[in-house]
Ligand code: KIV
Ligand code: ZN
């Protein structure tokens with residue numbers, strides 16, 4: 001049994017911004033960009049960083065390998081189909097990691113097995129077991145996913161999951177691949193599987209939800225209430241089609257509603273907003289103003305009644321503190337009278353830090369020159385000021 005499987009109240013946060021998030025059309029990232037995001041995720045104390053799909057391209061292999069070299073405190077993971085070539089490539093890519101995981105998967109729903117894989121269920125089961133055994137030759141930390149689990153047959157899931165746990169999988173991930181699940185039904189699937197599978201206590205069960213019906217976070221939380229102890233998620237909910245479950249919403253929901261979900265994460269939420277900004281600026285995907293936790297209006301009060309309430313006692317209209325997730329509630333407006341400290345703080349909120357005083361001074365000089373020409377300097381102006389080469393996180 002893995003260590004985490006024994007910690008019944010620990011919720012493992014598995015971030016897949018760099019893999020499933022990158023599968024969002026138009027969101028592909030360079031190796032350097034992935035490293036910058038991975039460093040922020042490590043700082044936030046994400047447990048597992050899925051850095052890519054090593055066999056997908058030489059560039060993705062290099063990205064996973066570089067993230068594995070640089071990241072020390074989070075487990076670094078590569079995705080692999082349940083085939084030899086993928087698993088070998090993933091094993092090679094995670095080799096430099098302090099802690100490396102191979103995440104192998106195969107589809108288990110009738111529709112995927114018949115039309116996509118064109119394989120009989122027995123063959124799928126055999127291939128899954130072989131893949132897990134093969135992956136164990138590279139690392140003790142193997143995750144197995146039943147792709148399209150939410151549309152799979154219960155009895156088949158029981159059989160394949162029992163078999164892959166016996167073969168050495170320490171994490172069993174049940175994806176709602178097409179975002180079809182509904183919270184009551186999806187959560188109940190976890191509860192029933194955990195109860196029915198004789199060796200289920202030897203693995204951590206994980207939820208991986210897509211947002212096609214806008215239910216990804218609700219489905220993930222329902223899974224947690226029914227025994228899941230890992231959730232797979234992305235910053236800003238980035239991901240295929242309508243996206244994946246959003247990390248910031250899951251982490252803050254679990255923290256704020258501990259009365260309903262008696263689990264804790266390792267996440268330090270103060271890094272949430274800077275990481276959200278960094279992902280948005282790298283991918284070019286803006287965050288909608290009313291997005292929970294990380295949207296510009298998430299902690300803004302407009303109506304007089306709300307403002308009055310908040311001024312008297314913040315908790316009247318605030319269930320979380322903006323500062324706890326990395327917002328600066330003072331909302332400093334930057335202009336030509338702003339000082340170096342305020343400008344530096346704003347850069348940091350955007351996930352931009354400087355590796356030397358000289359680099360900061362240079363950026364501040366450019367800021368002052370621009371401020372002479374504009375009334376107000378916005379975040380986009382600051383991002384444009386530093387570009388890619390002048391800073392590192
Ligand atoms: O959505 C999905 O099924 C996936 C798997 C590869 C885990 O991303
Ligand atoms: Zn997915």
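Full extension of the segment from residue 57 to residue 270, taken as 0.36 nm per residue of separation minus the current Cα-Cα distance, would add 73.3 nm. Going by neighbour counts of Cβ atoms within 10 Å, the residues 240, 315 line up, fewest first, as 315, 240. Multiplying the residue separation of residue 323 and residue 45 by 0.36 nm and subtracting their alpha-carbon distance yields 98.3 nm.
Out of every Cα-Cα pair that the chain contains, those further apart than 40 angstrom amount to 18 percent. Taking the chain as the reference, fit the longest principal axis to its C-alpha atoms, fit the long axis of helix 272-283 to the helix C-alpha atoms, and give the angle between the two in degrees, 0 to 90, nearest 10. Taking Cα atoms only, the helix is inclined about 80 degrees. A Förster radius of 45 Å combined with the Cβ-Cβ distance from residue 361 to residue 95 puts the calculated FRET efficiency at roughly 0.65. The modelled label-to-label distance for the pair residue 369/residue 341, using points 7 Å beyond Cα in the direction of Cβ, is 2.7 nm. Dimensions of region 43-107 from C-alpha coordinates, computed as largest minus smallest value along each principal axis and given longest first, are 32, 23, 15 Å.
Once both labels are positioned 7 Å from their Cα atoms along Cα-to-Cβ, the gap between residue 315 and residue 258 label points is 1.3 nm.
The angle between the Cα long axis of helix 357-371 and the longest principal axis of the Cα atoms of the chain comes to about 60 degrees, rounded to the nearest 10.
Taking other C-beta atoms within 10 angstrom as a stand-in for reagent exposure, 231, 178, 164 fall in the order 178, 164, 231, fewest first. Counting every other Cβ atom within 10 Å of each residue's Cβ, 145, 281 order from fewest to most as 281, 145. A compact globular protein would have a Cα radius of gyration near 2.2 N^0.38 Å; the ratio found for region 1-132 is 1.11. Counting only alpha carbon atoms, the long axis of helix 84-93 and the longest principal axis of the chain meet at about 40°. Between region 6-57 and region 193-249, the C-alpha centres lie 15 angstrom from each other. Remark: relative contact order (the chain) = 15 percent; criterion is Cα-Cα distance under 8 angstrom and separation of 6 or more residues. Could you tell me which of rounded, prolate or oblate describes region 199-324, using a ≥ b ≥ c as the square roots of the eigenvalues of the alpha-carbon gyration tensor, with rounded for a/c under 1.5 and, failing that, prolate when a/b is larger than b/c and oblate otherwise? Oblate is the answer for region 199-324, as a/c is 1.5 or above yet b/c matches or exceeds a/b. Projection of the Cα convex hull of region 138-208, averaged over all directions and equal to a quarter of that hull's surface, yields 4.5 nm². So for the pair residue 115, residue 192, with labels modelled 7 Å out along Cα→Cβ, what separation do we get in nm? Taking the simple label geometry, residue 115 and residue 192 are separated by 2.3 nm. Rounded to the nearest 5, what is the percent of antiparallel bridges among the DSSP beta bridges in the chain? Of the beta bridges lying entirely in the chain, close to 5 percent run antiparallel. Oblate is the label for region 233-282, because a/c, from the alpha-carbon gyration tensor with a ≥ b ≥ c as root eigenvalues, is 1.5 or above and a/b does not exceed b/c.
Every read-out reported here was derived from the displayed coordinates using simple, explicitly stated rules and does not represent laboratory data. None of these values were measured; they are calculated from a predicted model. Counting neighbours? That spans all protein chains shown, and the Cβs are built from the backbone with ideal geometry, glycine included.
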